[in-house]
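Inspection log for the structure reproduced underneath, given as structure tokens.
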Amino acid sequence: MIGFLWFVLALFYGKNFKRSMYAYRIDIDIINLDDGPVGQNITNTILALPKAKTSPTWRLKTDISTIDEAREYTRKYAWGALVINKGLSGNLNNSLATGSSYNSSAAITILEQEGRHPIAQLLFVKFTLEGTVGSIATQYAIQQLADYKSAIAGSDDKDVVANIEALFRPIGYTVERVGFYGFSLSAVLLPLGMMVSFVCVLVPVMMLKFGSYPAYRTTRHRSIFRFLVGVIFVLCLGFSFYATLAFLAFRGPNYNKQELGLPVTGGRFFSIWMTYLLTIFPMSLWIKSLSILIPPAFVAIPSVLTLIPNTLAGLTVAELSSNFFKWFHGLPFYQGGVLGRYVIGGGYPKLGQCLGVLFGETVFSLILLYFCTLIQQHFVHTGAVDHMGNYRGTKAYLGSAFNKTPIVDDGRAEEPSDSSIEAGKTTSRQRRVSEQIMSIVDDEEMITQAGMQNETVAL
């Protein structure tokens, strides 16, 4: 057990070890909507930046022609995007030449996708986007000012007609959020709610292990299977509802604050509820299946082995881990987290993928539970386990005295067969004959003793 706990701790630390070394797996898109030289210069400068494993990778996207298409693409697929707005070159050159008004903030639009994963967004995407744009803007302003001074020095007209903002701050930016999932508890909101709900279900599920053994001797395993599935579903339904209410309470009295996600309607409330349910239900079935066949001394192992990796998959960014942790993508907490962020924030829709994985895991857990109940009933009937679940041959085995009740197959009391009735009649006849023989023997002994007493008296 100690070695197992150390393995879990190593798994936790290994998942977070040098996560910045895999930041290059995060792609940030450059979308150049400007047809002039300014947009092309900015694009070339960014693509020429030194590449490092600790920084996201810049990727040029050329099949997008409008800002609306850029927003929709970023919302669905991207980590974030830097959009060079249309008409930047013309507006900047016109303001430098004529002094017309110029809005530097309209030069670049930064699209932040918060729904992909809030931790990666905060640590890498947001920092890289805003930092790169600020650095490029400073370099471009210095170069432009130097070029403008050279042009003025070689001209007879020394009057400055250029717009001051266009001259000293030619490149600015505006930030737009396309997935509203950047609030304070965004990183832990869904994993924490799933973990608490799952632990609350885990306690009564474990209690069922030690209280259901008599049922295996008096009930069909199919009935036991249906009962367990029903109880677990009701428990998951109730605790996932409480988790959804907790999220609603976190939103506060104003449930439509965009900073905390999309407005909470009746449909969205139900979607969040079902997200929690679909996440913890297959895990609860899985734990119940394993706990049926595992001895009491080791019953905590599947719970810890299930809870820790799932919590890590929900809290951390799978893309920022080594290849060993790719299997985290198939865990319920990971898929439930992606689904929940989409429902709450509207970004990174992977509805089909998430529902497919969660439904597949639910079906697998149901099949596993069915066969585990079947195997356990066979063990109980054969006396291979005692009423606590200890296996025969172990020191904790309490014996098979518990298993002396008749075995049934249809949930009703077992009726005696004809052969058992005949055997019972034969046994009764044999018992009566034995009693008669013993009574005759006793009578002969009494007669013999009486004769001996009479002879003694005569002497």
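Quick one: is residue 239 in the same structural domain as residue 277 (by TED's automatic domain parsing), assigned to a helix (DSSP H, G or I) and surrounded by 16 or more Cβ atoms within 10 Å (Cβ to Cβ)? Step through it out loud before you land on a result.
Working: in the same structural domain as residue 277 (by TED's automatic domain parsing): yes; assigned to a helix (DSSP H, G or I): yes; surrounded by 16 or more Cβ atoms within 10 Å (Cβ to Cβ): yes.
For residue 239, the condition - in the same structural domain as residue 277 (by TED's automatic domain parsing), assigned to a helix (DSSP H, G or I) and surrounded by 16 or more Cβ atoms within 10 Å (Cβ to Cβ) - is met.
In the stretch 340-356, what residues are among the small types (Gly, Ala, Ser) and in a helix (DSSP H, G or I)?
Of all residues in the stretch 340-356, those among the small types (Gly, Ala, Ser) come to 340, 345-347, 352, 356.
Once the filter is applied, which keeps residues that are among the small types (Gly, Ala, Ser) and in a helix (DSSP H, G or I), the stretch 340-356 yields 340, 345, 352, 356.
So residue 381 ticks every box in (1) closer than 16 Å to residue 289 by Cβ; (2) in contact (Cβ under 8 Å) with a residue 60 or more places away in the chain but one. Which box is left unticked?
With respect to (1) closer than 16 Å to residue 289 by Cβ; (2) in contact (Cβ under 8 Å) with a residue 60 or more places away in the chain, residue 381 is out only on (1).
I'd like the full set of residues that are out of contact with any helix residue (DSSP H, G or I) (no Cβ under 9 Å at 6 or more places or on another chain), in a helix (DSSP H, G or I) and either aliphatic (A, V, I, L, M) or not assigned by TED's automatic domain parsing to the domain that holds residue 102 (or both), limited to the stretch 40-85.
Answer for the stretch 40-85, where residues must be out of contact with any helix residue (DSSP H, G or I) (no Cβ under 9 Å at 6 or more places or on another chain), in a helix (DSSP H, G or I) and either aliphatic (A, V, I, L, M) or not assigned by TED's automatic domain parsing to the domain that holds residue 102 (or both): 47, 67, 70.
Pairs under 8 Å by beta carbon, first residue over 17 Å from residue 321 (Cα atoms) in the stretch 107-126, partner assigned to a helix (DSSP H, G or I) and small (Gly, Ala, Ser), six or more apart or different chains?
Note: pairs meeting the criteria are 109/70; 111/70; 114/345; 115/345.
So residue 234 fits all but one of (1) free of Cβ contacts under 8 Å to residues at least 12 places away in the same chain; (2) over 25 Å from the mean Cα position of the chain (by Cα); what number is the exception?
Only one criterion is unmet by residue 234, namely (2).
Which number in (1) surrounded by fewer than 16 Cβ atoms within 10 Å (Cβ to Cβ); (2) small (Gly, Ala, Ser); (3) touching a residue at least 24 places away in the same chain (Cβ under 8 Å); (4) closer than 28 Å to residue 119 by Cα marks the one condition that residue 249 misses?
Unmet for residue 249, out of (1) surrounded by fewer than 16 Cβ atoms within 10 Å (Cβ to Cβ); (2) small (Gly, Ala, Ser); (3) touching a residue at least 24 places away in the same chain (Cβ under 8 Å); (4) closer than 28 Å to residue 119 by Cα: (3).
Has the stretch 302-319 got at least one residue that is assigned to a loop (DSSP other than H, G, I, E, B) and polar (S, T, N, Q)?
Step one: of the stretch 302-319, the residues assigned to a loop (DSSP other than H, G, I, E, B) are 316-317.
Next cut, polar (S, T, N, Q) only: 316.
Yes; the residues of the stretch 302-319 include at least one that is assigned to a loop (DSSP other than H, G, I, E, B) and polar (S, T, N, Q).
Only one of these is over 23 Å from residue 118 (Cβ atoms), surrounded by fewer than 21 Cβ atoms within 10 Å (Cβ to Cβ) and either in contact with a Leu (Cβ under 8 Å, 6 or more places away or on another chain) or not assigned by TED's automatic domain parsing to the domain that holds residue 268 (or both): 362, 306, 373. Name it. Before the answer, list the steps.
Numbers: 306 fails: either in contact with a Leu (Cβ under 8 Å, 6 or more places away or on another chain) or not assigned by TED's automatic domain parsing to the domain that holds residue 268 (or both); 373 fails: surrounded by fewer than 21 Cβ atoms within 10 Å (Cβ to Cβ).
The match here is 362.
Provide a single number: the residues in the stretch 330-341 that are over 9 Å from the mean Cα position of the chain (by Cα) and either among the small types (Gly, Ala, Ser) or surrounded by fewer than 23 Cβ atoms within 10 Å (Cβ to Cβ) (or both). I'd like the intermediate steps shown before the answer.
Here is the first cut: in the stretch 330-341, the ones over 9 Å from the mean Cα position of the chain (by Cα) are 339-341.
Those still in the list that are either among the small types (Gly, Ala, Ser) or surrounded by fewer than 23 Cβ atoms within 10 Å (Cβ to Cβ) (or both) too: 340.
Of the residues in the stretch 330-341, 1 are over 9 Å from the mean Cα position of the chain (by Cα) and either among the small types (Gly, Ala, Ser) or surrounded by fewer than 23 Cβ atoms within 10 Å (Cβ to Cβ) (or both).
Scanning the stretch 379-401 for residues that are of a type outside the set (Ser, Thr, Tyr), more than 22 Å from residue 205 (Cβ to Cβ) and in a helix (DSSP H, G or I), which turns out modelled with the highest pLDDT? Can you show your working first?
Within the stretch 379-401, the first condition is being of a type outside the set (Ser, Thr, Tyr), and the residues that meet it are 379-381, 383-390, 392-393, 395-396, 398-399, 401.
Subset that is more than 22 Å from residue 205 (Cβ to Cβ): 381, 383-384, 392-393, 395, 398-399, 401.
Filter once more, so that each one left must be in a helix (DSSP H, G or I): 381, 401.
Values: 381: 83, 401: 45.
Per the stated criteria, the residue is 381.
Can you pull out every residue in the stretch 76-111 that is within 30 Å of residue 313 (Cα to Cα) and buried (at least 22 other Cβ atoms within 10 Å of the Cβ)? Reasoning before the result, please.
First pass over the stretch 76-111, keeping only residues within 30 Å of residue 313 (Cα to Cα): 76-82, 110-111.
Hits for the stretch 76-111 are 78, 79, 80, 81, 82, 111.
Given the options 51, 61, name the one that is among the charged types (D, E, K, R) and at pLDDT below 90. Please lay out each step first, then the result.
Values: 61 fails: at pLDDT below 90.
Going through 51, 61 in turn, just one is among the charged types (D, E, K, R) and at pLDDT below 90: 51.
The values are calculated or read from the model by the stated rules, or taken from the named source; none is laboratory data. Keep in mind the model is a prediction, meaning the values are calculated, not measured. Neighbour counts run over all protein chains shown; Cβ positions are idealised from the backbone, glycine included.
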